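The structure under discussion appears below in the form of structure tokens.
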């Protein structure tokens, strides 16, 4: 979704707006608060803290969801010196593996095509493949 943040520079009182594209599953107000808090905690010499004045959701209709990964195994699997967790997207069912301590999930080889990048596209593709299989079996 697209959000617009209204921000004030505390020292000068000047106000400005910034626009961000965030995932639909994020709370726009929490996202904006965290962004400003992080900015204020990492000020460089001479920079003024900022204050969030407001958040407006501009558009949340056409944003496609990235995968919402959940671990499926209880304990991390170790094979051939590699540690990984099996993952599944709770929205569309695409599977993958997360190696080591990384937060990046590598999709399984049957889902490596670009069509599986987002849940909406993956769901459409899997439905199309099921329909083809059913047609071939009948």
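Just so you know, all these numbers are worked out from the coordinates, no wet-lab data involved. Model, not experiment: these values are computed from the prediction. Because the Cβ atoms are built from the backbone with ideal geometry, glycine has one as well, and the counts that use them run over all protein chains shown.
May I ask for the Rg/Rh ratio of region 69-137, computed from Cα atoms with Rh as the Kirkwood radius, given to two decimals? It would help to have the intermediate numbers written out before the result.
Values: Rg = 14.1 Å, Rh = 13.2 Å.
Across region 69-137, the Cα-based Rg/Rh ratio is 1.07.
Multiplying the sequence separation of residue 58 and residue 74 by 0.36 nm and subtracting their Cα-Cα distance, what value in nm do you get? Walk me through the numbers on the way to the answer.
Working: separation 16, 0.36 × 16 = 5.76 nm, distance 4.02 nm.
Result: 1.7 nm gained on full extension.
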Counting residues in the chain as N, plug N into 2.2 N^0.38 Å and put the Cα Rg over that result. 1.47
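Cα convex hull of region 2-59: mean projected area in nm², to one decimal? Could you put the intermediate results ahead of the total?
On the way: hull surface 15.6 nm².
Hull-based average projected area comes out at 3.9 nm².
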Which whole-number percent gives the relative contact order of region 2-59, counting Cα pairs below 8 Å spaced six or more residues apart? 52
Between 72, 42, 118, where does the largest GNM mean-square fluctuation fall for the chain, given springs only between Cα atoms within less than 10 Å? 42
Contour excess over end-to-end distance, with Cα ends at residue 131 and residue 17 and 0.36 nm allotted per residue: 36.3 nm
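Ranking request for peptides 16-26, 86-96: highest mean number of other beta-carbon atoms within 10 Å first, then the rest in descending order. Provide the component values of the computation, followed by the final result.
Details: 16-26: 12.1, 86-96: 18.1.
Highest-to-lowest ranking by the protection proxy: 86-96, 16-26.
Normalised by the number of residues in the chain, what is the relative contact order in percent for Cα pairs under 8 Å and 6+ residues apart?
Numbers: 205 pairs, mean separation 26.0, N = 138.
Here the relative contact order equals 19 percent.
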For the chain, longest principal axis from Cα atoms; helix 28-41 axis from its Cα atoms; angle between them, nearest 10 degrees, is 60
